[in-house]
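Novice: Sharing a structure here in structure tokens format.
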Amino acid sequence: MNARGHPIPGRMNKTEAAYAYRLETLRTAGEIAWYGFEPLKLRLASNTFYTPDFMVMLLDGLIELHEVKGFWRDDARVKIKVAAERFPMFRFVAVKKRTKNRGWQTEEFG
């Protein structure tokens, strides 16, 4: 986080790092083909962009864009919904860590 409390692009926070570990476990086990952190930026409107936390390629070649959240701000939820409408070729998935290390909760958009 920078001095204003905003995330630093290209650098994972603790929750994202924990999810990256989960994705690496899935990749090593042969359950997903590939993943990358902040690999693309989607233009939603003039001067409005959405950068998903992770791009995940499934074994069948389907691409999912995963957004890792500890909590939702209103603008983030709006952006992922707009992105899902504008880019139907991707599956958009929100991921939230469950309390007490009990896995991950997911929500699909689009």
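Novice: Counting only residues that are modelled with pLDDT under 75 and closer than 19 Å to Lys96 by Cα, how many does region 2-22 have?
Specialist: Result for region 2-22: 2.
Novice: Separate question: Exactly one condition in (1) modelled with pLDDT of 95 or more; (2) more than 19 Å from Thr25 (Cα to Cα); (3) in contact with a strand residue (DSSP E or B) (Cβ under 8 Å, 6 or more places away or on another chain); (4) not acidic (Asp, Glu) is not met by Lys69; state its number.
Specialist: It fails just one condition, (1).
Novice: In region 6-20, what count of residues is obtained for those that are assigned to a loop (DSSP other than H, G, I, E, B), touching a residue at least 12 places away in the same chain (Cβ under 8 Å) and out of contact with any Phe, Trp or Tyr (no Cβ under 7 Å at 6 or more places or on another chain)?
Specialist: Going through region 6-20, the residues assigned to a loop (DSSP other than H, G, I, E, B) turn out to be 6-13.
From what is left, the residues that are touching a residue at least 12 places away in the same chain (Cβ under 8 Å) are 9-10, 12-13.
Keeping just the survivors that are out of contact with any Phe, Trp or Tyr (no Cβ under 7 Å at 6 or more places or on another chain) gives 9-10, 13.
Qualifying residue count, region 6-20: 3.
Novice: Something else: Take the residues of region 21-50 that are free of Cβ contacts under 8 Å to residues at least 12 places away in the same chain, closer than 19 Å to Trp104 by Cβ and charged (D, E, K, R): which is surrounded by the most Cβ atoms within 10 Å (Cβ to Cβ)?
Specialist: Arg27
Novice: Another one. Within region 38-62, how many residues are hydrophobic (A, V, I, L, M, F, W, C), in contact with a strand residue (DSSP E or B) (Cβ under 8 Å, 6 or more places away or on another chain) and not in a loop (DSSP other than H, G, I, E, B)?
Specialist: Let us first name the residues in region 38-62 that are hydrophobic (A, V, I, L, M, F, W, C), namely 40, 42, 44-45, 49, 54-59, 62.
With in contact with a strand residue (DSSP E or B) (Cβ under 8 Å, 6 or more places away or on another chain) added as a condition, the list becomes 40, 42, 44, 49, 54-58, 62.
Adding the requirement that they be not in a loop (DSSP other than H, G, I, E, B) leaves 42, 44, 49, 54-57.
The qualifying residues number 7.
Novice: Take the residues of region 51-66 that are of a type outside the set (A, V, I, L, M, F, W, C) and within 16 Å of Gly110 (Cα to Cα): which is surrounded by the most Cβ atoms within 10 Å (Cβ to Cβ)?
Specialist: Initially, region 51-66 is screened for residues of a type outside the set (A, V, I, L, M, F, W, C), giving 51-53, 60-61, 64, 66.
Pick out the ones that are also within 16 Å of Gly110 (Cα to Cα) and you get 52, 64, 66.
Details: Pro52: 25, Glu64: 18, His66: 20.
Applying the filter and picking the extreme gives Pro52.
Residue-by-condition table, conditions (1) under 19 Å from Ala20 (Cβ atoms); (2) touching a Lys or Arg at 6+ places or on another chain (Cβ under 6 Å); (3) free of Cβ contacts under 8 Å to residues at least 40 places away in the same chain; (4) of a type in the set (Asp, Glu):
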residue: Val56; (1), (2), (3), (4): yes, no, yes, no
residue: Leu62; (1), (2), (3), (4): no, no, yes, no
residue: Glu67; (1), (2), (3), (4): yes, no, yes, yes
residue: Asp74; (1), (2), (3), (4): no, no, yes, yes
residue: Lys96; (1), (2), (3), (4): yes, yes, yes, no
residue: Thr99; (1), (2), (3), (4): no, no, yes, no
residue: Arg102; (1), (2), (3), (4): yes, no, yes, no
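Novice: Restricting to region 63-106, give me the number of residues that are farther than 19 Å from Glu38 by Cα and in a strand (DSSP E or B).
Specialist: 2
The values are calculated or read from the model by the stated rules, or taken from the named source; none is laboratory data. This one's a predicted model, so the numbers in the text were calculated from it and none came from an experiment. So basically every Cβ, Gly included, is an ideal-geometry build from the backbone, and we count neighbours across all protein chains shown.
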